[in-house]
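**Q** Have a look at the structure that comes next, please.
Please treat every number below as a calculation from the coordinates, not as lab data. The structure displayed is predicted, hence computed values, not measured ones. Positions of Cβ are generated from backbone atoms using ideal geometry, with glycine treated the same way; all protein chains shown enter the neighbour counts.
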Amino acid sequence: MNAPISTDVRETASVARSIQLISTGKQTGSTCGPELARPTWNFDTAPGYGPGASTADAIPGDAPQQVPIPAEYREASDEVLADRIRAAKATLGDKLVILGHFYQRDEVVQHADYVGDSFQLANAALAHPNAEAIVFCGVHFMAETADLLSGPEQAVILPNLAAGCSMADMANIEQVEDAWAELTEIYGHEPDADGRAPLIPVTYMNSSAAIKAFCGRNGGIVCTSSNAARVLEWAFERGQRVIFFPDQHLGRNTAKAMGISLEQMPLWRPNLPLGGNTEDVLNDAKVILWNGFCSVHKRFTVAQIERARAEHPNVRVIVHPECPMPVVDAADEAGSTDYIRKAVEAAPDGTVFAIGTEINLVQRLAAEYPQHTIFCLDDVVCPCSTMYRIHPGYLAWVLEGLVDGVVRNQITVDASVAEPARVALERMLAATPSGAGTKSAAR
Ligand code: SF4
């Protein structure tokens, strides 16, 4: 986990600033859509995830919507908002902890007490049991996880309720329960001679609390991109097969690195009978992959890696395991955001890195480690649509609400869901006691 970055670094690293400069022709380059340059509240009443990598993904009809924030927040400059956020933070003192995800824009991250991945940040909140408010500058499932792990008196706040996650939304609880019912019809409930259950559900951290609770109720477990291999080992010690939610790529890359053949990893397409598979295929399956993906990491291609290698013969290519399998296979290494950050930190001066993960993290690393050459594999600036929805205006709005004694945008997981979801998280912690886990799908 990082400390907050300095203002100097922010000036050179800001993706939001790059987008503005590109849109006005003051900087060369391209973005994945001109709408990225518009203020994010323009999209709060529009359907969809908003501009960025997930813009074309189907958003669920019941996705949370953000109420319009007052004009004083929408019309203030970045400098005024930064001053107001700092003032509110100073007033709230130890009653407040602000968490910033690695993929969050720098204008928000500069105010964070902790910067890290979703699970690191949820754990960071545990170090502040006296904080009355935990403001999570990330996306919805992350705030839910923080609520699961925080104390009953603590309020977890998501500054913009429209900051969902298109990947997490690709597995909803009704679809998952339908799939489970169909698979149970085929596999039954009886353990094999070694006492292993027919099927174990495993969900990536990037899923709703309802899916985590489903796993908790059905003998399953949660994983992160750092510990997915160890968690799959845990599952195979207890089950004959696994169904992996919601990211097919993390599931495939991890299982492949463990020696499982592609033929034994059928894709489950919700809404199709048997997920679009035959009974024979499902009987032979070891890992059933839910048909979800991250639209940020799906943008990376083998052609981008080939171009990086042609232009920089000594380049070290690191990609996130949410990237498609051919991209992970063509890279030198694959690992979580924390793995990527540590690899950059440990590299000898002058290393050239081509990185396949969200642009805010890559640009920040490039600014923080000027002794290296660091660039994003994708030269089109295309941030995560929903992380990008957390503008400093929303952060100022929720913080000034707290100063006035008003809790805005609180994320609360119902107790009936929270209890089994915690069971699945606790199984992960027990299975990966180091906490840090291992590099996933490395070559
Ligand atoms: S980067 Fe992908 S997985 Fe992460 S929040 Fe954005 S859409 Fe979800």
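**Q** Given labels modelled 7 Å from the Cα in the Cβ direction, how far is it in nm from D329 to V302?
**A** Rounded to a tenth, the inter-label distance reads 0.6 nm.
**Q** Something else now. If you put +1 on each Lys and Arg Cβ and -1 on each Asp and Glu Cβ, how big is the dipole of the chain around its Cα centre, in Debye rounded to 20?
**A** 720
**Q** Could you tell me the ratio Rg/Rh of the chain? Both radii from Cα atoms, Rh via Kirkwood.
**A** Using Cα coordinates only, the ratio equals 0.96.
**Q** When the helices in the chain are scored as -39500 (n - 2.57) per DSSP H run of 4 or longer and the sum is shared across all residues, what 222 nm value do you end up with, to the nearest 500 deg cm²/dmol?
**A** Rounded to the nearest 500, the figure is -11500 deg cm²/dmol.
**Q** For a quick protection proxy, order the peptides 146-153, 296-303, 262-269 by their average other-Cβ count within 10 Å, most packed first.
**A** Per-residue mean Cβ counts within 10 Å order the peptides as 296-303, 146-153, 262-269.
**Q** Further question: Among G33, W290, L274, whose Cα lies farthest out toward the positive end of the dipole of the chain, if unit charges sit on the beta carbon of Lys, Arg (+1) and Asp, Glu (-1)?
**A** Result: G33.
**Q** If I model a spin label as a point 7 Å beyond the Cα along the Cα-Cβ vector, how far apart are those points for T45 and E419 in nm?
**A** Result: 4.2 nm between the two label points.
**Q** Using modelled backbone amide H atoms (1.01 Å from N, in-plane), which distant-in-sequence or interchain residues come within less than 5 Å of Q27's amide H?
**A** Amide H neighbours of Q27, under 5 Å, 5+ apart: I22.
**Q** Once you have the Cα-Cα distance between V80 and D94, take 0.36 nm times their residue separation minus that, and quote the gain in nm to one decimal.
**A** Length difference between fully extended and current span is 2.7 nm.
**Q** Label-point separation (nm) for L262 and S30, each offset 7 Å from Cα along Cα-to-Cβ?
**A** Computed distance between label sites L262 and S30 equals 2.9 nm.
**Q** In the chain, which cysteines lack any other cysteine Cβ under 4.7 Å from their own?
**A** Singleton cysteines: C137, C165, C215, C223, C294, C323, C376, C384.
**Q** Restricting to Cα pairs below 8 Å that are 6+ residues apart, what does the relative contact order work out to for region 288-443? Please round to a whole percent.
**A** Normalised by residue count, the contact order of region 288-443 is 24 percent.
**Q** Sticking with this structure for a sec: So in the chain, what percent of DSSP beta bridges are antiparallel if you round to the nearest 5?
**A** In the chain, approximately 5 percent of DSSP beta bridges are antiparallel ones.
**Q** Ok, one more. Give the residues of region 338-355 whose amide nitrogen is closer than 17 Å to a point set 7 Å from the Cα of R309 in the direction of its Cβ.
**A** 352-355
**Q** OK, next. Pairing the Cα long axis of helix 392-403 with the longest principal axis of the chain, what angle in degrees results, from 0 to 90 and rounded to the nearest 10?
**A** The angle comes out near 90 degrees.
**Q** Note the angle between two axes, namely the Cα long axis of helix 173-187 and the longest principal axis of the Cα atoms of the chain, as a number of degrees from 0 to 90, rounded to the nearest 10.
**A** 20
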